[in-house]
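The next block holds one structure in the form of structure tokens; read it before the comments.
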Amino acid sequence: MSRFSRPLLLALVLLAVLGTSNSQRPRDIEQTVNSLLSQMTLEEKLGQLQQLDGEGNGNFRPEHLDLIRKGLLGSTLNVRGARRTNEVQRVAMTESRLKIPVLFGFDVIHGYRTIFPIPLGEASSFDPSMAERSAAVAAQEANNAGLRWTFAPMVDIARDPRWGRISEGAGEDPFLGAAFARARVRGFQGDNYGAPDKILACAKHWVAYGNAEGGRDYNTTDLSENTLREIYFPPFKAAVDAGVGTLMSSFNAVNGVPASANAFTLTKVLRDEWKFDGFVVSDYTSVKELINHGVAANEEDAAAAALNAGVDMEMVSRSYNTFGSKLLQQKRLSQATIDEAVRRILRIKFRLGLFDHPYTDEAREPFSLLRTNSIHLAREIAGRSMVLLKNERETLPLNKNAGSIAVIGPLADDRRAPLGWWAGDGKDENTVSPLAGIKAKVSGQTKVGYARGCEVKGDSTAGFQEAVNLARASDVAVVFVGELHEMVGEAASRSTLDLPGRQMELVQAIQATGKPTIVVLVNGRPLSIEWIAGNVPAILESWMGGTESGNAIADILFGDVNPGAKLPVTFPRSVGQVPMYYNHMNTGRPPEAENRYTSKYIDSPWTPLFPFGYGLSYTTFKISNLQLSAPRIPANGKLTVSVEVENTGKRTGDEVVQLYIRDLVASMTRPVKELKGFQRVTLQPGEKRRVEFVLAQEHLGFWNREMRYVVEPGEFRVMVGANSAELIEAKFEVIPN
Ligand code: BGC
């Protein structure tokens, strides 16, 4: 009768009748998927499991069109822009046999065109609603640019600042990490990732990628199952519970088994325990890399290992495509395994509404980018993400109506570093440099001078004199030092945490002028700035603050915004202390100054430079009067913990009240502190408020020796304060149910 086979026609009719709108019921989707699946050839099925990379500039590769026409390519990455994605989609929808739409993915990590602070910065806000809002803007921009899928949020816990990718996540803490994972998934996906302003999210990199030995990217990890479950899993679990549609399997090996061939993490935990029903994409060529890991002799082995373990879609390498059919014949892959992977991918494509709405409205794209509201939000979030690390003698805020300011340093007039490593489609020309932000802020009476001083990298000190002269001639010097965008992110591990190049000497030269010196850090990881912390009166950690970074910095420097962010990661004194994180175990010999044979260093204090959760404000706060709702609770009970927080200074400001617990005696060693609650509150001068937290089973337990989650009876300490080192405390007891 026609070019359609009968069953195919039936499937198409079913599609038309059911519609694939977002209101389509799950059962209908399952039926439609199964019906479509029954029409597919093996090659078409393997095609759905393949993702290929476009060109660096966002264009597609012409040869991919032919693959799509033949039904051999289900997804691309990096292809973007409504016109281009439509052009590709048209081939799928009009020239391929089954008309299965292509899924366009891209790394929209902290913004698409409007760039927000790097995720580590956003986590410093201790305000997950900020991440939800920035992800929502990113989703709206990306969707209008033809994208339907972001490889974000990156939810890897990172305890090693040498690892460049620490900048992409929420820092070292699983509780904070889980809160941000949840918020970002909600921001990208909303209630329905098929909505016109939403995109599908991808929690990555599953798993323990941040545990890379030596902080060297892609390196092996070897860690206990407890550590996996208690430290590295929680943000992923939070993402899954928030409905994340996809996960990405990581490059690293986990306890001898590469994450992209790890049936324990991919199937036992993800599918059997967590009931995840989306799909897993490999990381870039991580399937083929199983050969380098030494668990596959060739690509055939690699394909079998990855697909059987639970990686559904292969990014860039083509092992599934090339060897799937042979592996099936050899019975090293089953039809059921292939079908299940295809089913998972199609299910998501239906949920996205792609069959119904495969194209993007090209007219809307230009109006959706860099909207005024998005830019305002970028400025607000950047301001809420910057951490005041030191402020002696009220050096800050500066007066915008008088005097002269020397703006110094290689990052003072830089518009690339603030965008960070994964900057989506963000552009330098839309970015406000610190110098521009300062100039826009001050009134005509204030003189702003600028001297670069030196480069971020390199050995020249030729610019020092000019910078020193400028500082001498000014009332105050603000020095912008840190890292270039290429020094953070993927494949940007560092073996030192020092300021690169001659920047430290530049700071020292400026400080030596005797002028009040403020250091503003522009960077993507904790830096070892012990000298600066000891000698310079004011330090602002601005991270890489995105499109509006310069304006946000100026807002803080001149007091229009009162900083309230806190460090989501410990700042060590030196790289030699790494890994250093606040939620460590106690050891049998905790450090004691007077006792040599305790756990410490002979050449450095054991304490960090700045602890987790640390950050100052232009006002002061007092946290007091810790109260518990009961002295003891049953293991499945709830405890309300509250404190009074009071603004004791003269400005309105924000405090992040943090709650930590310690299980004092348990069947396994427990961390000395674990964050289990935080609230960022805004208080007027003199205002006092009681802040409440509820502790329950999910906060009090741990994974025991039998790998069961248990809340053990016994005494707990609860600690509340403004950072992980300054806490008031009380005790309570957990009794058997
Ligand atoms: C990174 C991922 C990223 C992917 C696609 C890989 O190299 O590890 O985080 O999503 O590339 O760009």
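Computed from the coordinates by the stated procedures, all read-outs in this text should not be read as laboratory data. This is a predicted model, so every value here is computed, not measured. All Cβ positions, even for glycine, are placed from backbone atoms using ideal geometry, and neighbour counts span all protein chains on display.
What is the distance, in nm, between label points placed 7 Å from the Cα along the Cα-to-Cβ direction at residue 737 and at residue 222?
3.9
Does the range 600-677 come out rounded, prolate or oblate by the C-alpha gyration tensor, with a ≥ b ≥ c the root eigenvalues, rounded set by a/c under 1.5 and, if not, prolate when a/b is larger than b/c and oblate if not?
On the way: a/c = 3.11, a/b = 1.11, b/c = 2.81.
Verdict is oblate for the range 600-677.
Name the residue farthest towards the positive end of the dipole of the chain from the options 73, 190, 488, assuming +1 on Cβ of Lys and Arg, -1 on Cβ of Asp and Glu, about the Cα centre.
190
Could you tell me which trypsin sites (Lys or Arg not before Pro) in the range 457-565 are loop residues by DSSP with no more than 15 other beta carbons within 10 angstrom of their beta carbon?
Numbers: sites: 457, 472, 494, 502; in loops: 457, 494, 502.
Hits after loop and neighbour filter: 457.
What percent antiparallel are the DSSP beta bridges of the chain, to the nearest 5? All intermediate terms of the calculation are to be shown ahead of the outcome.
On the way: 48 of 91 bridges.
Of all bridge pairs located within the chain, approximately 55 percent are antiparallel.
Given a cut-off of 29 Å, name the pairs among 288/427; 515/622; 447/622; 70/275; 70/326; 288/673 whose C-alpha atoms lie farther apart than that in the structure shown.
Among 288/427; 515/622; 447/622; 70/275; 70/326; 288/673, the Cα-Cα distance tops 29 Å for 288/427; 515/622; 447/622; 70/275; 288/673.
In nm, to one decimal, how far is the residue 356 label point from the residue 473 one, both placed 7 Å along Cα→Cβ?
So the two model labels end up 6.6 nm from each other.
At 0.36 nm per residue, and after removing the present C-alpha to C-alpha distance, how many nm does the segment from residue 255 to residue 640 gain when stretched out fully? Could you put the intermediate results ahead of the total?
Values: separation 385, 0.36 × 385 = 138.60 nm, distance 3.90 nm.
The residue 255-residue 640 span can extend by a further 134.7 nm.
Treating the angle as unsigned and between 0 and 90°, give the value, to the nearest 10°, between the Cα long axis of helix 174-189 and the longest Cα principal axis of the chain.
Computed tilt is about 50 degrees.
Which ³J(HN,Hα) values in Hz, rounded to whole numbers, follow from the phi angles of the range 220-225 under the Karplus curve 6.51 cos²θ - 1.76 cosθ + 1.60, where θ = phi - 60° and Gly and Pro get x?
Karplus-based 3J(HN,Hα) across the range 220-225 equals 4, 10, 9, 8, 6, 5 Hz.
For a Förster distance of 51 Å, can you work out the FRET efficiency between the beta-carbons of residue 364 and residue 404, rounded to the nearest 0.05?
So the FRET efficiency works out to roughly 0.60.
Between residue 461 and residue 705, what is the label-point separation in nm under the 7 Å Cα-to-beta-carbon projection?
So the two model labels end up 5.9 nm from each other.
Which residues among the range 699-717 fall inside the zone where the amide N is under 19 Å from a point 7 Å beyond the Cα of residue 632, along Cα→Cβ?
Flagged as within label range: 700-701, 711-717.
Mind listing which trypsin sites (Lys or Arg not before Pro) in the range 635-737 are in a DSSP loop and have 15 or fewer other Cβ atoms within 10 Å?
Within the range 635-737, the qualifying trypsin sites (Lys or Arg not before Pro) (loop, at most 15 other Cβ atoms within 10 Å) are 638, 650, 651, 705, 708.
Which of 544, 40 comes first, and how do the rest follow, when ranked by fewest Cβ neighbours within 10 Å?
Ranked by crowding around the Cβ, least crowded first: 40, 544.
How do 126, 610 rank when sorted from fewest to most other Cβ atoms within 10 Å of their own Cβ? Present the calculation step by step, with values, prior to reporting the outcome.
Details: 126 28, 610 25.
The most exposed by this proxy come first: 610, 126.
Please give the helix 299-309 orientation as an angle from the longest Cα principal axis of the chain, in degrees from 0 to 90, rounded to the nearest 10.
Result, in degrees: 80.
Taking amide hydrogens as modeled 1.01 Å from N in the peptide plane, which residues meet the under 5 Å criterion relative to residue 200, leaving out close sequence neighbours?
Close amide H contacts, sequence-distant or interchain: 149, 150.
Beyond 22 Å between alpha-carbons counts as too far, so tell me which of 400/688; 198/349; 99/349; 268/638; 390/457; 204/349 fall in that bin.
Exceeds cut-off: 400/688; 268/638; 390/457.
Quick one: what are the phi-derived ³J(HN,Hα) couplings along the range 265-276, Karplus 6.51/-1.76/1.60 with θ = phi - 60°, whole Hz, x for glycine and proline?
Taking θ as phi minus 60°, the curve returns 6, 6, 10, 4, 6, 5, 8, 6, 7, 9, 6, 5 Hz for the range 265-276.
Using θ = phi - 60° and the Karplus curve 6.51 cos²θ - 1.76 cosθ + 1.60, what whole-Hz ³J(HN,Hα) does each residue of the range 107-114 get, with Gly and Pro shown as x?
3J(HN,Hα) across the range 107-114, in whole Hz: 7, 9, 8, 9, x, 9, 10, 7.
What are the residues whose amide H is under 5 Å from the amide H of residue 75, where those residues sit 5 or more places off or on another chain and H is modelled from the backbone?
Correct list: 50, 52, 103.
Fewest first, what order do 193, 597 take by the number of other Cβ atoms within 10 Å?
Taking fewest neighbouring Cβ atoms as first place, the list is 597, 193.
Would you work out the charge dipole size for the chain about its Cα centre, treating the Cβ of every Lys and Arg as +1 and the Cβ of every Asp and Glu as -1, and quote it to the nearest 20 debye? Spell out each step's value before the answer.
Values: 83 positive and 84 negative charges, 210 e Å.
Around 1020 debye, computed over the chain.
If amide H atoms are built 1.01 Å from N in the plane of the peptide, which residues on other chains or at least 5 residues away come under 5 Å of the amide H of residue 540?
Excluding prolines and chain starts, which carry no amide H, the hits are 389, 519, 520, 521.
With a cut-off of at most 16 other beta carbons within 10 Å, and DSSP calling the residue loop, which GluC sites (Glu not before Pro) in the range 538-624 qualify? Please list them. Before the final figure, lay out each step's value.
Working: sites: 541, 548, 592, 594; in loops: 548, 592, 594.
Passing sites in the range 538-624 are 592, 594.
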